[in-house]
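Asks: Just dropping this structure here.
The values are calculated or read from the model by the stated rules, or taken from the named source; none is laboratory data. Everything numeric in this text was worked out from a predicted model, so none of it was measured. Neighbour counts run over all protein chains shown; Cβ positions are idealised from the backbone, glycine included. Accessible surface is based on the protein model in full, side chains and every heavy atom, while ligands, DNA and RNA are left aside. Shrake-Rupley method; radii C 1.70, N 1.55, O 1.52, S 1.80 Å.
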Amino acid sequence: MLFKAQSAAVFGIEAYLVEVEVDIGSGRMGDFNVVGLPDAAVKESRERIKAALKNCGFEFPSPQGVTINLAPADVRKEGSGFDLPMAMGLLGCQGSFFGKPLTDYVFLGELSLDGSVRPIRGALSAALETRDRGVKHLVVPEANAREAAVVEGIDVYAVRTLPQAADLVNSPETFTPIRVDSRQMLAEAGQYPVDLGDVRGQIAAKRALEVACAGGHNILFLGPPGAGKTMLAKRIPTILPPMSLEEALETTRIHSVAGVLEDSRGLVGVRPFRSPHHTISDAGLIGGGTVPHPGEVPLAHYGVLFLDELPEFQRNVLEVLRQPLEEGAVTIARAAISITFPARFMLAGAMNPCPCGFFGDPTRECRCTPAQIQRYVSKISGPLLDRIDIHIEVPAVR
């Protein structure tokens, strides 16, 4: 018997619908095959689904062969979000939905062994694609409900367990779709824990920050250790313009795909501030992987990318910033795939004037030789420095 359900997969930050075709009685007895270019996480779903069905009181068609096809079959499927739609397809094959088709539903969710539904990545992108394709209902884990409900024009249902998802199909009138006020969510999420008013002194540096934020300029702080360079940089987002709803949605999509979105918020309302360690690789900075995922640069979209101890970064890592600073996007190409992530951000850097950090300091003596200072400063290439409009000295304060 053949039964079909629908799910969604993420490609970059975009999503596309996936048709989950479940056939019972095909293949050898006892087989459970998943085809359609699944990755390891999708293949392992067989064991999760078997245990979840058993522990929720449903029957698994063990004597018969099961084949599940994820269409389109020529695009690689990643992640554990196909557990729930595959389980729903198996239930549909066994008549649990009394012949009701699932054409009006898109299911997303990872199943635990006890049948509870765990959160997944990319729920917002899936909700946007669901609406654009004209599907009426989206069923997501409870932790992803607020994120997906930001999209207007579809009914988003939150489920905690597999039996609850089955009850939703059989008795939809007993469930209420999740409703949120996106404008109110944005206002609630747009609160910063720090403020530029916390900084005392450093009048010139604060004025430079105001000019940089007003004009969208990149900025570089030069000063000895303890002068307050990092403290100033952390407060840059607080004086940038508030995020619009469109900016918040695009930023949330990137954070959701990367798996760094807080479940309780559902929407990124503050401008991102990303501060990677200087040991980061170029793939970690811009993104990478067999199927590319966003790195620190895309995660700083519409926000601030802060590179502390700038000369300590590997030169090849810094050089990959030149394209996104010019174009506002990052394109990652692989043999069979090419993905573009948006990356319009403000770059803030901080560095010491010399290896010891006290060159030009009136209170501490610098012990670096001119050759050491030259080598230290020359770690940053001229083309990258040309893209940083404002260089401001941050002297030590008493």
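Asks: Determine which member of the set 59, 47 is without any contact (Cβ under 8 Å) to a residue 24 or more places away in the chain, open to solvent by 20 Å² or more (accessible area, probe 1.4 Å) and either among the hydrophobic types (A, V, I, L, M, F, W, C) or farther than 30 Å from residue 128 by Cβ (or both).
Replies: None of the others qualify; the one that does is 47.
Asks: Which one of these is exposed (fewer than 14 other Cβ atoms within 10 Å of the Cβ) and either assigned to a loop (DSSP other than H, G, I, E, B) or at pLDDT 90 or above (or both): 396, 371?
Replies: From the options 396, 371, the qualifying one is 371.
Asks: Kindly provide the set of residues from region 19-41 that are open to solvent by less than 60 Å² (accessible area, probe 1.4 Å), more than 15 Å from residue 66 (Cα to Cα) and either in contact with a helix residue (DSSP H, G or I) (Cβ under 9 Å, 6 or more places away or on another chain) or at pLDDT 90 or above (or both), ordered by number.
Replies: Passing the criteria: only 38.
Asks: Restricting attention to region 205-229, and to residues there that are more than 21 Å from residue 311 (Cα to Cα) and open to solvent by 50 Å² or more (accessible area, probe 1.4 Å), which single residue is modelled with the lowest pLDDT?
Replies: 216
Asks: Residues in region 353-368: is at least one open to solvent by 10 Å² or more (accessible area, probe 1.4 Å), touching a strand residue (DSSP E or B) at 6+ places or on another chain (Cβ under 7 Å) and more than 30 Å from residue 77 (Cα to Cα)? Walk me through it before giving the result.
Replies: Initially, region 353-368 is screened for residues open to solvent by 10 Å² or more (accessible area, probe 1.4 Å), giving 353, 355-356, 358-368.
In the following step, the residues that additionally are touching a strand residue (DSSP E or B) at 6+ places or on another chain (Cβ under 7 Å) were identified as 353.
Narrowing the set further to residues that are more than 30 Å from residue 77 (Cα to Cα) leaves 353.
Taking every residue of region 353-368 in turn, at least one turns out to be open to solvent by 10 Å² or more (accessible area, probe 1.4 Å), touching a strand residue (DSSP E or B) at 6+ places or on another chain (Cβ under 7 Å) and more than 30 Å from residue 77 (Cα to Cα).
Asks: Name the helices (runs of 4 or more DSSP H) wholly inside region 82-151 in which the number of residues that are under 26 Å from the mean Cα position of the chain (by Cα) and under 15 Å from residue 19 (Cα atoms) is 1 or more.
Replies: 83-93, 123-132
Asks: In this structure, is residue 344 open to solvent by 70 Å² or more (accessible area, probe 1.4 Å), of a type outside the set (Asp, Glu) and either within 18 Å of residue 12 (Cα to Cα) or part of a loop (DSSP other than H, G, I, E, B) (or both)?
Replies: For residue 344, the condition - open to solvent by 70 Å² or more (accessible area, probe 1.4 Å), of a type outside the set (Asp, Glu) and either within 18 Å of residue 12 (Cα to Cα) or part of a loop (DSSP other than H, G, I, E, B) (or both) - is met.
Asks: Okay, next question. Restricting to region 259-300, what's the tally of residues that are closer than 22 Å to residue 327 by Cα, open to solvent by less than 20 Å² (accessible area, probe 1.4 Å) and in contact with a Leu (Cβ under 8 Å, 6 or more places away or on another chain)?
Replies: Final tally of qualifying residues: 5.
Asks: Given the criterion of a type in the set (Val, Ile, Thr), within 13 Å of the chain's Cα centre (by Cα), part of a helix (DSSP H, G or I) and at pLDDT below 95, identify the matching residue among 257, 297, 268. First the steps, then the outcome.
Replies: Working: 297 fails: at pLDDT below 95; 268 fails: part of a helix (DSSP H, G or I).
When all the criteria are applied, what remains is 257.
Asks: Sticking with this structure for a sec: Residue under question is residue 13, and the condition is that it be buried (at least 18 other Cβ atoms within 10 Å of the Cβ), in contact (Cβ under 8 Å) with a residue 60 or more places away in the chain and within 25 Å of residue 137 (Cα to Cα); does it hold? Give the derivation first.
Replies: Working: buried (at least 18 other Cβ atoms within 10 Å of the Cβ): yes; in contact (Cβ under 8 Å) with a residue 60 or more places away in the chain: yes; within 25 Å of residue 137 (Cα to Cα): yes.
The answer is yes for residue 13.
Asks: Among (1) touching a Lys or Arg at 6+ places or on another chain (Cβ under 9 Å); (2) under 22 Å from residue 77 (Cβ atoms); (3) without any contact (Cβ under 8 Å) to a residue 40 or more places away in the chain, which single condition is residue 127 missing?
Replies: (1)
Asks: Among the residues of region 195-204, which ones are more than 17 Å from residue 241 (Cβ to Cβ) and either outside any loop (DSSP other than H, G, I, E, B) or open to solvent by 30 Å² or more (accessible area, probe 1.4 Å) (or both)?
Replies: Within region 195-204, 197, 198, 200, 201, 203, 204 meet the criteria.
Asks: While we're on this one: Please determine whether any residue of region 31-39 is out of contact with any Leu (no Cβ under 6 Å at 6 or more places or on another chain), charged (D, E, K, R) and in a loop (DSSP other than H, G, I, E, B).
Replies: The answer is yes, given that some residue of region 31-39 is out of contact with any Leu (no Cβ under 6 Å at 6 or more places or on another chain), charged (D, E, K, R) and in a loop (DSSP other than H, G, I, E, B).
Asks: Would you confirm, using the coordinates I've provided, whether residue 331 is hydroxyl-bearing (Ser, Thr, Tyr), open to solvent by 50 Å² or more (accessible area, probe 1.4 Å) and in a strand (DSSP E or B)?
Replies: It is true that residue 331 is hydroxyl-bearing (Ser, Thr, Tyr), open to solvent by 50 Å² or more (accessible area, probe 1.4 Å) and in a strand (DSSP E or B).
Asks: I'm trying to understand the selection: among the residues of region 138-175, which are buried (at least 17 other Cβ atoms within 10 Å of the Cβ), out of contact with any helix residue (DSSP H, G or I) (no Cβ under 7 Å at 6 or more places or on another chain), over 23 Å from residue 114 (Cβ atoms) and without any contact (Cβ under 8 Å) to a residue 40 or more places away in the chain?
Replies: 155
Asks: Further question: Any residue at all in region 176-188 that's modelled with pLDDT under 90 and part of a loop (DSSP other than H, G, I, E, B)?
Replies: The answer is no, given that none of the residues of region 176-188 is modelled with pLDDT under 90 and part of a loop (DSSP other than H, G, I, E, B).
Asks: Kindly indicate the residue of region 374-393 that is of a type in the set (A, V, I, L, M, F, W, C) and in a loop (DSSP other than H, G, I, E, B) and also nearest to residue 215 (Cα to Cα) among those meeting that condition.
Replies: Step by step, filter region 374-393, then rank; the result is 388.
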